[in-house]
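Step one of this worksheet: look at the structure below.
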Amino acid sequence: MNTQKGKILGLAHDAAVRLVRREAALVVCLGLYTYGLGLCANAQDRKTTIITFDVPGAGTGAHQGKRSRKAILSIITAAGLT
């Protein structure tokens, strides 16, 4: 009879341990979820800053600072990618 009582208590203990672990996991998940919501709310309160800068010697005319379509096509042709 003692061994059967011990088995029942062991099963009850195992079930209690599983329940506590499940509840602990739920608490951790809810905590992380709440923390994430707080981060999202704070992100909307921040002001966005756009930083502009001028590069010395950079032109503002046509095809200055970028390659023209003709130049790109000539590079592709020279590389044999056509």
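The values are calculated or read from the model by the stated rules, or taken from the named source; none is laboratory data. As the structure is a prediction and not an experimental result, all values here were calculated from the model. Cβ: placed from backbone, ideal geometry, glycine included. Neighbour counts: every protein chain shown.
Some points to look at:
- The stretch 14-34 residues that are surrounded by 10 or more Cβ atoms within 10 Å (Cβ to Cβ), paired with ones that are among the aromatic types (Phe, Trp, Tyr) (beta carbon under 7 Å, 6 or more apart): none
- So ARG21, is it among the charged types (D, E, K, R) and modelled with pLDDT under 70: no
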